[in-house]
Every structure is written in C-alpha cells, then in structure tokens.
Amino acid sequence: SRIANFGLTPQWKPNDWLTFRGIVDWQRKTHAKTLPLIFTAGDFAPPETPKGYYGQDWAEGESQSENYGAIATAQLAPHWSLAAGVFRSIADNPVSYADLYVNTQPDGTAEQLVVASPDQKTSSTSGELRLTGHFGAAAWRHWVVFMARGRDTLALYGGSDVVDVGPGRIDQDIQVPKPSFVFSERTRDRARLLSAGVGYRAQWQGHADFAFGIQQESYDKYVVSPSLPAAQLTDHPLRAYASAAVALTP
C-alpha cells in the first residue's frame, strides 16, 4: 500500500494565563493489496502458498482518517484553572475487499469468494469542559474537579456484495475478471453520550492519598438497518468511584 500522513500541533500563548493548542492529523492509504484468507474444509493444514502476493490485482482498497481539534487552558485565579477541548474524527473506507478461499481441500482446491464493501464510514464530534480547583498548604493538598463532556458518533456500514467466482487453487496465482458488484443500503448507527460529574482528591504528603467522585451519564443509540425495524437504546446510569492509598513505610 501507499500511505501519506500529515500532522500539525500549533500552539499560541498570548499571555501567561492563557494557552491555545491545535491538532491536525490526516492520513490516506491507497493501493492497499487484499491478502487472501483461507478456510479449510476440516481439521488439517492447507498446502503451502507461493511466495509473494497472489491475490487479485484489481482488489485494492482505500482508506482515509482525519483528526482535528483544539484545546484551550486558562488560569482563572491562583487556585482555579479551566480546560476545554473540541475534536472531530473521521475514519473513511471508500472501497474495501475480502478475497476468501472457502472449503479448501488438502490438495489446495477451494471455492473462491470475493466480497466488496461500499463506503464504510465512522465520524464523531466530541468535547470536554473541566474546571479544577487546587488548594492546600504544608502537608495537605486538595483538588476539586467539575467536568462535562459529550460525544456524537455516526457510523455507516454494511451493504456488501459477495460474488462466487468459482473453483480455485490456493497454490496458483489465478487472476479472475473484476465482478460487477451490486451494493445494498448501509446500516445507519448513531450514538450520543453526555456526561457530567464532580470529583475530589486529597493528598497527605508522605502518608496517604484518597479520592472519590460521581458522574451522571446520558446515553442514546439509534440504529436503522435495511429491511429491519429501527432499534433504539436509552440509558442514564449514575457512576461513582473511590480510591485510597496509604504509605506503609518511607
């Protein structure tokens, strides 16, 4: 395959209490060869395959991934800081293939299937806001954190077509003409997650450390599949945690 990648993380600090950071990550893969997969007809090992690539020359996949984001941090007061971030991620596979040899016999003969998939894509937008307080003096230190975050994800998948190209041999490089694939409608899968919570941590330097927190979740998932009724799931769990550590010796 051929891979091109570009990344950038610029930073701007206009003063001592405010910082902005950017995130750019882009990658594209083309001419990705499809390696054959072999499934035997029983509990035995198939014969050795020839050295080198023996898949279909036309079965080349493509994919692209993108990540963009921005982070801002601010020191609001001597004991309070604010951090915020927003991000966009995309994973896109415009075309992909699977070259399958099924019911493979000990002599290497098999039935060859080729699977082609239309554009498989997942994209998400997410963000987080966090307010942190730092307190303490001498041996004691305290942290209080207020947090809110969310994510909206949309996935499009399925719609593949399987073509039986006939009998084949895994130990021979046999090229078959590219089939005329007919794709079907893809599944549309959307999920939204919102969270809000508060946490507290205390540290007794050299002696102990403990923390606890609570977080409210709101989750919604909606799936529309071809020829199936729409499905929806909603949940609102309340999550809590606590931890403690003690120094037994210096």
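Which percent of the Cα-Cα distances in segment 208-250 go past 13 Å? Don't skip to the answer; put the middle values down first.
Working: 644 of 903 pairs.
Cα-Cα pairs of segment 208-250 separated by over 13 Å account for 71 percent.
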Find, to one decimal place in angstroms, the Kirkwood hydrodynamic radius of the chain, where the mean of 1/r is taken over every pair of different Cα atoms and then inverted.
23.4 Å
What residue among LEU154, PRO118, PHE181 has its Cα farthest toward the positive end of the dipole of the chain, where the charges are +1 on Lys, Arg and -1 on Asp, Glu, each on the Cβ?
LEU154
So, in Å, what gap is there between the alpha-carbon centers of segment 132-155 and segment 211-250?
17 Å
Modelled label-to-label distance, HIS134 and SER1, 7 Å Cα→beta-carbon offset: nm?
4.2 nm
Rounded to the nearest 0.05, what FRET efficiency do LYS13 and ARG201 have when you use their Cβ-Cβ distance and R0 = 25 Å?
0.35
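Keeping the other protein chains in place, figure out the carbon and sulfur percent of the accessible area of the chain, with a 1.4 Å probe. Please list the in-between numbers first.
On the way: 9130 of 15420 Å².
Reported share for carbon and sulfur atoms: 59 percent.
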So with the 1.4 Å probe, I'd like the accessible area per residue for segment 24-179, rounded to whole Å².
53 Å²
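What's the FRET efficiency of GLN232 with SER124 using the Cβ-Cβ distance as r and R₀ = 25 Å, to the nearest 0.05? Before the final figure, lay out the partial values.
Numbers: r = 19 Å, r/R0 = 0.76.
It comes out at approximately 0.85.
What Kirkwood radius, in Å to one decimal, follows from the Cα pairs of segment 115-250?
On the way: mean 1/r = 0.0494 Å⁻¹.
Taking every pair of different Cα atoms in segment 115-250, averaging 1/r and inverting gives 20.3 Å.
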Placing +1 on each Lys and Arg Cβ and -1 on each Asp and Glu Cβ in segment 1-46, then taking the dipole about the Cα centre, the residue among TRP17, PHE39, PHE6 whose Cα reaches farthest towards the positive end is PHE6
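Go through PHE181, PHE6 and list them by solvent-accessible area, largest first, probe radius 1.4 Å. Before the final figure, lay out the partial values.
Working: PHE181 40, PHE6 110 Å².
Descending accessible area places them as PHE6, PHE181.
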Label ASN103 and LYS221 with points 7 Å out from Cα along Cα→Cβ: what is the distance between them in nm?
3.6 nm
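The values are calculated or read from the model by the stated rules, or taken from the named source; none is laboratory data. This structure is a prediction, so every number in the text was calculated from the model and none was measured. Here the Cβ is made from the backbone with ideal geometry for all residues, glycine too, and neighbour counts use every protein chain on show. Ligands, DNA and RNA are stripped out before the accessible areas are found, and what is left, the full protein with its side chains, is counted by its heavy atoms. Shrake-Rupley method; radii C 1.70, N 1.55, O 1.52, S 1.80 Å.
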